[in-house]
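Student: First the structure, which I've put down as structure tokens, then a few questions once you've had a look.
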Amino acid sequence: MSTGWSRKDLLGLRELSAEEINFILETTDAFKQVGTREIKKVPALRGKTLVNFFVEPSTRTRTSFELAALRLSADVINISATTSSLTKGETLKDTARNLEALHADILVLRHSSAGAPQFLGNRLKASVINAGDGAHEHPTQALLDLYTIREKRGKIAGLHVVIIGDILFSRVARSNIFGLVKLGARVTLVGPSTLVPREFEKLGVEVSHKIDNVLPNADVVNLLRIQHERQRKEYFPGIGEYTRFFGLTKERAKLLKPDCLIMHPGPINRGVEIDSEVADGLQSVILDQVTNGLAVRMAVLYLCGGIATT
Amino acid sequence: MSAILIRNGRVIDPANRRDKLANLVIVDGRIAEKSAIRDPQSAIEEVDASGLIVAPGLIDMHVHLREPGFGHKETIESGARAAAAGGFTTIVCMPNTSPVADTPSTIAWIKERAAAAACVNVLPTGAISKNISGEELGPIGSLAQAGVVAITDDGHCIQNNELMRRAVEYARMVGVPVLDHCQDYNLAGNGVVHEGYWSTLLGLPGWPAAGEEAIVMRNILLADLCDHPIHCQHVSTAGSVRLLREARGRGVKITGEVCPHHIVLTDEAIENFSTNYKMNPPLRAQADVDALLEGIADGTLSILASDHAPHADFEKEVEFDAAPFGIIGLETELSLFLDLLVHKQRKIDIARLIEMYTVEPARLLKINAGTLSIGAPADVTLIDPDLEWTVKIDKFESASRNSPFDGWKLKGRAVRTIVGGKTVWKL
Amino acid sequence: MKNEKQSSSPGVPIMDADGIRRALQRIAHEIIECDPQLAQVVLAGIPSRGVEIAQRIAEFIRRIEKIDVDTGIIDVAMHRDDVGTRAELPVVRASKLPVPLEERTVIIVDDVLYTGRTVRAAMDAINSFGRPARIQLAALIDRGHRELPIRADYVGKNLPTRANEKVWVRIGSINEPDGVWLIKE
């Protein structure tokens, strides 16, 4: 039986069709089951080498990809910016070429430059999986978000998904927007006008700066981490003001429908974008997201890794 | 005596308001009367220009020749050959070299190198501020004496309005025009593409149109205040065009130039993160392109140039954020403008196109070029306005290959370039 | 090797719907005879036709002995030893087996037994769930050409074939009758 997947790279959700996204989600069902077996390992990528090339650091995503690869029986190498020769002035292209010369089959790349995975994917025979490129896309995060919604609510089309936070600089937001809109959800973005400009409406979503108006008819609320870093100081005046206007506090959480899901890509800033109690509450599926992330990444590695050599 | 007779071409000489089928005579490197050919036995080189346009040698007043210091991207020698291949007999080079062209000795070096190795006329510009750092005035008077035709901090832009004001006043004293790359650093931020739909979609930092317009406005105010010409380089936004139109209507000494990429491409081109679409100012939206075309048609934008910015392959072949800005342009600009402005959109006729490449820059820079007057240096460009050709960048004269136009099919091309009576390039 | 392409003209008919029914009924009888502890048996089908066949065998056992035998699904796609060498990547599906498997007899059920590689992958998959007391194999058709030392415990029909022939099984289709055909190339 032929498959609905023919790409060696996963660069983003913008270029995927709804059919391809659904295919990944269906494949994820099979790999989620592996996590319930006694021996949580299948030989699908045995003998293949996967390199986690995290030029921008991350522990959670990297660990998730590493575990996914190990469960598929692949060999895993982890390289970060500081341990790579990028520090010696080697270009990204040369570093990747060197990895290919070592017969790396799959390259999982996180980089602060938008377009970096595409840059490598066009030049390498190896599969390139985008683990986050600047503010552009983080496809596996959005896929696991979609999977979690589908798992809990049975569908995506017709649901009202609200994404709250620093949208402008968020790759998680963009990938989610592309995936949700393609699969027929209604999307509303909420946050300060400096971080959620109306320009986003051209992507097929609604924009609101009044969280209390939007929460009562949300089916899913996805909270993005607010960055503390100083470069945002021109965009909003600080954490206190953010929480007051946009934080999902205990009180605000009461506005939600009882079956509304609360999601967060992690790591959570308790007390900033979400109250501690709410993060641990019944509507929160934050931990399910983590489990599903592993299954989604196994599916993605299986699909792309299987194509590279055929 | 050496003589050239260019026969049967359509001679377009906007300085002398001439546009007719005629012969052009060159004697000893200068434009001459027909009667100047006295000696019937002397060898006369005959060039058949039927079907061609015979124009004054074209001037590109915005070129980066990269020497001294960045010879791996381009040299004065290779840049000049590229200019000749594009139909240009005079190019004006920018001072963001290494060292920066902010001392008379660097200017002298450039002029010597050009005299020895360049097959076209090379006119240097000098920096406005020391080391182009935007902090202190450079030795503008000495630079003028050393022979710069203008001052500019191109690549950079003086942010301190007071400093810019003083620089313009000083330039007025020595009589050199000021060229400015209009960019407000704070508004532009770390933008690498136009702030609009595509930057929002792709998550790339954007450079809003207001970042250019704020400085265009600044320059209009200062040109008025100081009563001295300021030239806005590579104008790219609708708002800039509107500001220039209004100011010029009042007689302010402000001019604007257009580069071909800003009218043949839009920001949609960045979709695949190819760095050959990364330039400064960035490619803008269709509404800006339309406004630039109107600005060219009504004369608000009066000068055409390339902003030829060579970079080596290994410098451009990196992730989008990390790549340097700019593309080469000498060998494609004339064809791109002819193809779009004259043939496809019919915004201007070919005589005006030639005027924008000759009379207009010559007037601004106060140089003796851009005409076919009797006695003028015999810088002549022959153009076949209807020649259809496909761009092949691996055949270019330039030392660099960073161009997005490979494979483009264009109509119109220079076919022969004559400098001082000598053919330096022909198709 | 699984025969996955459906051709429009089936070829030489080998078994019709009745023939299949009788073969599966006989297999059910054989299992009842050979596996006295039916409650410990798991009929684990390999998708997609093996799953249908396993369910039919279980239904026969239920009718004959009035005992409900567990069924399951073993997806072998992720256990194949040829990932990356085939032209198309096989579709993966979720497996389902009752756990724990200790003390149970898992009978792998498939439509066609050919090289044996699919069955090897199925045994691999079973091992990741646990360690059953016994693994057996039931195949509707055994067409020979084994590449591994694997044999079926229960066989519907032995069918000698050539390597360039294909065996096509249709079972469980809503509109069309069950059957087995031999397609000569």
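Student: Could you run through region B:143-187 and say how many residues are among the hydroxyl-bearing types (Ser, Thr, Tyr), more than 26 Å from residue B:367 (Cβ to Cβ) and within 22 Å of the chain's Cα centre (by Cα)? Spell out how you get there, then give the answer.
Tutor: At the first step, the residues of region B:143-187 found to be among the hydroxyl-bearing types (Ser, Thr, Tyr) are B:152, B:170, B:185.
Checking the rest, the ones that are also more than 26 Å from residue B:367 (Cβ to Cβ) come to B:185.
Those still in the list that are within 22 Å of the chain's Cα centre (by Cα) too: none.
The total comes to 0.
Student: Now for a separate question. Where residues in region C:161-185 are among the hydrophobic types (A, V, I, L, M, F, W, C) and more than 18 Å from the chain's Cα centre (by Cα), which of them is surrounded by the fewest Cβ atoms within 10 Å (Cβ to Cβ)?
Tutor: Within region C:161-185, the subset among the hydrophobic types (A, V, I, L, M, F, W, C) is C:163, C:167-169, C:171, C:174, C:180-183.
With the extra rule that they be more than 18 Å from the chain's Cα centre (by Cα), the set shrinks to C:163, C:174, C:183.
Working: C:163: 11, C:174: 4, C:183: 17.
The qualifying residue surrounded by the fewest Cβ atoms within 10 Å (Cβ to Cβ) is C:174.
Student: Cβ contacts < 9 Å: first residue on the phi > 0 side of the Ramachandran plot and surrounded by fewer than 23 Cβ atoms within 10 Å (Cβ to Cβ), restricted to region B:212-236; second residue part of a loop (DSSP other than H, G, I, E, B) and modelled with pLDDT under 95, any location; separation 6+ or different chain. Result?
Tutor: none
Student: Another one. Can you work out which of the residues in region C:112-136 that are within 14 Å of chain A (Cβ to nearest Cβ) and in contact with a strand residue (DSSP E or B) (Cβ under 7 Å, 6 or more places away or on another chain) is nearest to residue C:35 (Cα to Cα)? Outline the logic, then answer.
Tutor: To start, the set of residues in region C:112-136 that are within 14 Å of chain A (Cβ to nearest Cβ) comprises C:117-118, C:120-132.
Filter again for in contact with a strand residue (DSSP E or B) (Cβ under 7 Å, 6 or more places away or on another chain), leaving C:118, C:122-123, C:126, C:132.
Numbers: C:118: 24, C:122: 21, C:123: 19, C:126: 19, C:132: 14 Å.
Checking each candidate, the answer is C:132.
Student: Pick from B:400, B:373: which is polar (S, T, N, Q) and within 30 Å of residue B:156 (Cβ to Cβ)? So that I can check it myself, show each step before the final result.
Tutor: Numbers: B:373 fails: within 30 Å of residue B:156 (Cβ to Cβ).
Going through B:400, B:373 in turn, the sole match is B:400.
Student: Here's another thing I want to ask about it. Just give me the residues in region B:156-198 being out of contact with any Cys (no Cβ under 8 Å at 6 or more places or on another chain), part of a loop (DSSP other than H, G, I, E, B) and more than 24 Å from residue A:114 (Cβ to Cβ), in sequence order.
Tutor: The answer is B:156, B:158, B:159, B:160, B:175, B:176, B:177.
Student: Continuing with this model, one more query. For region A:97-115, name all the residues that are within 12 Å of chain B (Cβ to nearest Cβ) and either buried (at least 24 other Cβ atoms within 10 Å of the Cβ) or free of Cβ contacts under 8 Å to residues at least 40 places away in the same chain (or both). If you could, list the steps in order and put the result at the bottom.
Tutor: Applying the first criterion (within 12 Å of chain B (Cβ to nearest Cβ)) to region A:97-115 yields A:97, A:109, A:111-115.
Passing the criteria: A:97, A:109, A:111, A:113, A:114, A:115.
Student: Something else: Within region A:127-137, how many residues are of a type in the set (Gly, Ala, Ser) and open to solvent by less than 10 Å² (accessible area, probe 1.4 Å)?
Tutor: Let us first name the residues in region A:127-137 that are of a type in the set (Gly, Ala, Ser), namely A:127, A:131-132, A:134-135.
Keeping just the survivors that are open to solvent by less than 10 Å² (accessible area, probe 1.4 Å) gives A:127, A:131-132.
Residues flagged as of a type in the set (Gly, Ala, Ser) and open to solvent by less than 10 Å² (accessible area, probe 1.4 Å) within region A:127-137 amount to 3.
Student: A follow-up question, please. Could you check region B:269-297 and list, in sequence order, the residues that are within 14 Å of another protein chain (Cβ to nearest Cβ), within 23 Å of residue B:313 (Cα to Cα) and not aromatic (Phe, Trp, Tyr)?
Tutor: Hits for region B:269-297 are B:269, B:270, B:271, B:272, B:274, B:275, B:276, B:278.
Student: Has region B:252-266 got at least one residue that is under 26 Å from residue A:14 (Cβ atoms), part of a loop (DSSP other than H, G, I, E, B), within 14 Å of chain A (Cβ to nearest Cβ) and not small (Gly, Ala, Ser)?
Tutor: Among the residues of region B:252-266, not one is under 26 Å from residue A:14 (Cβ atoms), part of a loop (DSSP other than H, G, I, E, B), within 14 Å of chain A (Cβ to nearest Cβ) and not small (Gly, Ala, Ser), which makes the answer no.
Student: State all residues of region B:192-208 that are in contact (Cβ under 8 Å) with a residue 60 or more places away in the chain and open to solvent by less than 20 Å² (accessible area, probe 1.4 Å); if no residue qualifies, say none.
Tutor: B:192, B:193, B:194, B:196, B:199, B:202, B:204, B:207, listed by residue number.
Student: Turning to a different aspect of this structure: Could you count how many residues in region C:175-185 are touching a helix residue (DSSP H, G or I) at 6+ places or on another chain (Cβ under 8 Å) and either in a loop (DSSP other than H, G, I, E, B) or without any contact (Cβ under 8 Å) to a residue 60 or more places away in the chain (or both)? First the steps, then the outcome.
Tutor: Start the filter on region C:175-185 by keeping residues that are touching a helix residue (DSSP H, G or I) at 6+ places or on another chain (Cβ under 8 Å), which leaves C:177-180.
Okay, now just the ones that are also either in a loop (DSSP other than H, G, I, E, B) or without any contact (Cβ under 8 Å) to a residue 60 or more places away in the chain (or both), so C:177-178.
Residues flagged as touching a helix residue (DSSP H, G or I) at 6+ places or on another chain (Cβ under 8 Å) and either in a loop (DSSP other than H, G, I, E, B) or without any contact (Cβ under 8 Å) to a residue 60 or more places away in the chain (or both) within region C:175-185 amount to 2.
Student: Something else now. Hey, can you tell me all the residues within region C:117-160 that are of a type in the set (Gly, Ala, Ser), over 22 Å from residue C:31 (Cβ atoms) and open to solvent by 10 Å² or more (accessible area, probe 1.4 Å)?
Tutor: Scanning region C:117-160 gives a single hit, C:144.
Student: Could you name every one of the helices (runs of 4 or more DSSP H) located completely within region B:313-370 that has at least 3 residues being of a type in the set (A, V, I, L, M)? Break it down into steps so the answer makes sense when it comes.
Tutor: Numbers: elements: B:313-316, B:333-337, B:350-357, B:359-365.
In region B:313-370, the matching helices (runs of 4 or more DSSP H) lie at B:350-357, B:359-365.
Student: State the number of residues belonging to region A:53-110 that are at pLDDT 90 or above and of a type in the set (D, E, K, R).
Tutor: 7
Student: Here is a follow-up. Between A:44, A:69, which is touching a residue at least 60 places away in the same chain (Cβ under 8 Å) and assigned to a helix (DSSP H, G or I)?
Tutor: One residue alone meets the criteria, A:69.
Student: Right, next: Taking region B:113-142 only, how many residues are closer than 30 Å to residue B:425 by Cα and either within 22 Å of the chain's Cα centre (by Cα) or not in a helix (DSSP H, G or I) (or both)?
Tutor: Narrowing region B:113-142 to residues closer than 30 Å to residue B:425 by Cα: B:113-126.
Checking which are either within 22 Å of the chain's Cα centre (by Cα) or not in a helix (DSSP H, G or I) (or both) leaves us with B:113-115, B:117-126.
Summing the residues that are closer than 30 Å to residue B:425 by Cα and either within 22 Å of the chain's Cα centre (by Cα) or not in a helix (DSSP H, G or I) (or both) in region B:113-142 gives 13.
Student: Taking the condition within 14 Å of another protein chain (Cβ to nearest Cβ), more than 17 Å from residue A:57 (Cβ to Cβ) and of a type in the set (S, T, N, Q), does residue A:118 pass? So that I can check it myself, show each step before the final result.
Tutor: On the way: within 14 Å of another protein chain (Cβ to nearest Cβ): yes; more than 17 Å from residue A:57 (Cβ to Cβ): yes; of a type in the set (S, T, N, Q): yes.
When the stated conditions are applied, residue A:118 passes them.
Student: Kindly list, by first and then second residue, each pair from a residue in region A:48-59 that is in a loop (DSSP other than H, G, I, E, B) to a residue that is of a type in the set (D, E, K, R) and open to solvent by 30 Å² or more (accessible area, probe 1.4 Å), limited to pairs with Cβ atoms under 9 Å and residues at least 6 apart or on different chains.
Tutor: Partner pairs satisfying both residue conditions: A:48/A:75; A:48/A:105.
Student: Next question, about the same structure. Only helices (runs of 4 or more DSSP H) wholly contained in region A:147-247 count here; list those with 2 or more residues that are at pLDDT 95 or above and under 19 Å from the mean Cα position of the chain (by Cα).
Tutor: Numbers: elements: A:171-182, A:211-214, A:239-246.
Those helices (runs of 4 or more DSSP H) span A:171-182.
Student: Which count do you get for residues in region B:24-37 that are more than 14 Å from residue B:56 (Cβ to Cβ) and surrounded by 15 or more Cβ atoms within 10 Å (Cβ to Cβ)?
Tutor: First, the residues of region B:24-37 that are more than 14 Å from residue B:56 (Cβ to Cβ): B:25, B:27-29, B:32-37.
Adding the requirement that they be surrounded by 15 or more Cβ atoms within 10 Å (Cβ to Cβ) leaves B:25, B:27, B:29, B:32, B:36-37.
The number of residues fulfilling the criteria is 6.
Student: If the requirement is being of a type in the set (Ser, Thr, Tyr), within 13 Å of another protein chain (Cβ to nearest Cβ) and touching a helix residue (DSSP H, G or I) at 6+ places or on another chain (Cβ under 9 Å), which of these qualifies: A:84, A:127?
Tutor: Working: A:84 fails: within 13 Å of another protein chain (Cβ to nearest Cβ).
The match here is A:127.
Student: Related question: Can you pull out every residue in region A:4-30 that is within 7 Å of chain C (Cβ to nearest Cβ) and crowded, with 18+ Cβ neighbours inside 10 Å?
Tutor: Filtering region A:4-30 down to residues within 7 Å of chain C (Cβ to nearest Cβ) leaves A:5, A:27, A:29-30.
Those that are within 7 Å of chain C (Cβ to nearest Cβ) and crowded, with 18+ Cβ neighbours inside 10 Å: A:5, A:27, A:30.
Student: With respect to residue B:385, determine if the residue is within 14 Å of another protein chain (Cβ to nearest Cβ) and either at pLDDT 95 or above or assigned to a helix (DSSP H, G or I) (or both).
Tutor: Values: within 14 Å of another protein chain (Cβ to nearest Cβ): no; either at pLDDT 95 or above or assigned to a helix (DSSP H, G or I) (or both): yes.
No; evaluated as a whole, the condition is false for this residue.
The values are calculated or read from the model by the stated rules, or taken from the named source; none is laboratory data. As the structure is a prediction and not an experimental result, all values here were calculated from the model. Heads up, the Cβs are rebuilt from the backbone with ideal geometry, glycines too, and the neighbour counts pull from every protein chain shown. With ligands, DNA and RNA removed, areas are computed over all heavy atoms of the protein, side chains included. Shrake-Rupley method; radii C 1.70, N 1.55, O 1.52, S 1.80 Å.
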